[in-house]
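Novice: Handing you a structure now.
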Amino acid sequence: MKQFALPIRFGIATSGCLIAYFLILSLFGLHTQVWFSLFNGVITGFGIYEAIKIFRLKQGENYNYGSGFTAGVVTGFVATIIFTIFFAVYSTEINPEFLSELTETWFKSFENFEGIVFFTVAIMGFATALVLTLSFMQLFKSTNNLRS
């Protein structure tokens, strides 16, 4: 469990940044514009990158591709789970009108719209975490190229 402490901390910090970004958008009334959620990938990517980088420094000689990949995925998944929970609480308890505003802006006739939105937020986060972790691991992996 100790090996997951750093990625979990980075996941919590990343989710905090995602939540802060969402709340800042909501202050300006831009949180219903889903195009702004593209920046969530940048925030998540930065958190994953930093988690892998620091994890690699702390592991030293014990660092390998599998442990770095795990650190990145854990960071991204923890951030996604926390942000999805926040998003569900925000849209059902804090600002119940949010989903109807989002519906008016983007969707017109979906049954069980809440479930679709929460599922989409979670899947987008998990997919982003997986893809970015794979991408960043190309930067941090040890080379097996004998020519270098």
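The values are calculated or read from the model by the stated rules, or taken from the named source; none is laboratory data. These figures come from a predicted structure and were not determined experimentally. Glycine gets a Cβ as well: all are built from the backbone with ideal geometry, and neighbour counts include every protein chain shown.
Novice: Picking from Phe77, Phe69, Phe39, which residue would you name as being of a type in the set (Phe, Trp, Tyr), touching a Leu at 6+ places or on another chain (Cβ under 8 Å) and assigned to a helix (DSSP H, G or I)?
Specialist: Values: Phe77 fails: touching a Leu at 6+ places or on another chain (Cβ under 8 Å); Phe39 fails: touching a Leu at 6+ places or on another chain (Cβ under 8 Å).
None of the others qualify; the one that does is Phe69.
Novice: Consider Gly60 carefully, then state whether it is farther than 23 Å from Glu104 by Cα and either crowded, with 22+ Cβ neighbours inside 10 Å or touching a strand residue (DSSP E or B) at 6+ places or on another chain (Cβ under 6 Å) (or both). I'd like the intermediate steps shown before the answer.
Specialist: Working: farther than 23 Å from Glu104 by Cα: yes; either crowded, with 22+ Cβ neighbours inside 10 Å or touching a strand residue (DSSP E or B) at 6+ places or on another chain (Cβ under 6 Å) (or both): no.
Here the answer is no, as Gly60 does not meet what is asked.
Novice: Can you tell me which residues in the range 92-103 are buried (at least 17 other Cβ atoms within 10 Å of the Cβ) and touching a residue at least 40 places away in the same chain (Cβ under 8 Å)? Outline the logic, then answer.
Specialist: Step one: list which residues in the range 92-103 are buried (at least 17 other Cβ atoms within 10 Å of the Cβ), which gives 98-99, 102.
Listed by number, the residues that qualify are Phe98, Leu102.
Novice: Here's another thing I want to ask about it. Given Ile8, Ile12, Ile19, Ile82, which one is within 16 Å of Leu130 (Cα to Cα), out of contact with any Lys or Arg (no Cβ under 7 Å at 6 or more places or on another chain), at pLDDT 95 or above and surrounded by fewer than 21 Cβ atoms within 10 Å (Cβ to Cβ)? Let's see the steps before the verdict.
Specialist: Values: Ile12 fails: within 16 Å of Leu130 (Cα to Cα); Ile19 fails: within 16 Å of Leu130 (Cα to Cα); Ile82 fails: within 16 Å of Leu130 (Cα to Cα).
Step by step, each of Ile8, Ile12, Ile19, Ile82 is checked, and only Ile8 is within 16 Å of Leu130 (Cα to Cα), out of contact with any Lys or Arg (no Cβ under 7 Å at 6 or more places or on another chain), at pLDDT 95 or above and surrounded by fewer than 21 Cβ atoms within 10 Å (Cβ to Cβ).
Novice: I want to confirm something. Restricting to the range 123-148 and keeping residues that are modelled with pLDDT under 75 and touching a Phe, Trp or Tyr at 6+ places or on another chain (Cβ under 8 Å), which single residue is farthest from Leu38 (Cα to Cα)?
Specialist: Among them, the one singled out is Ser142.
Novice: Let me ask something else about it. Restricting to the range 50-79, and then to whatever is among the polar types (S, T, N, Q) and over 13 Å from the mean Cα position of the chain (by Cα), can you tell me which residue is farthest from Leu132 (Cα to Cα)? Steps first, please.
Specialist: So in the range 50-79, the residues among the polar types (S, T, N, Q) come out as 59, 62, 64, 67, 70, 75.
Pick out the ones that are also over 13 Å from the mean Cα position of the chain (by Cα) and you get 59, 62, 64, 67, 70.
On the way: Gln59: 21, Asn62: 22, Asn64: 17, Ser67: 15, Thr70: 12 Å.
Out of the qualifying residues, it is Asn62.
Novice: Limited to the range 59-91, what total is found for residues that are closer than 16 Å to Thr120 by Cα and without any contact (Cβ under 8 Å) to a residue 12 or more places away in the chain?
Specialist: Here the count works out to 2.
Novice: Suppose the filter is aromatic (Phe, Trp, Tyr) and either touching a Ser or Thr at 6+ places or on another chain (Cβ under 9 Å) or modelled with pLDDT of 85 or more (or both); does Phe36 pass it? Spell out the reasoning first.
Specialist: On the way: aromatic (Phe, Trp, Tyr): yes; either touching a Ser or Thr at 6+ places or on another chain (Cβ under 9 Å) or modelled with pLDDT of 85 or more (or both): no.
When the stated conditions are applied, Phe36 does not pass them.
Matching residues to (1) at pLDDT 95 or above; (2) of a type in the set (Val, Ile, Thr); (3) out of contact with any helix residue (DSSP H, G or I) (no Cβ under 9 Å at 6 or more places or on another chain):
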residue: Thr70; (1), (2), (3): no, yes, no
residue: Thr75; (1), (2), (3): yes, yes, no
residue: Phe87; (1), (2), (3): no, no, no
residue: Thr92; (1), (2), (3): no, yes, no
residue: Pro96; (1), (2), (3): no, no, yes
residue: Glu104; (1), (2), (3): no, no, yes
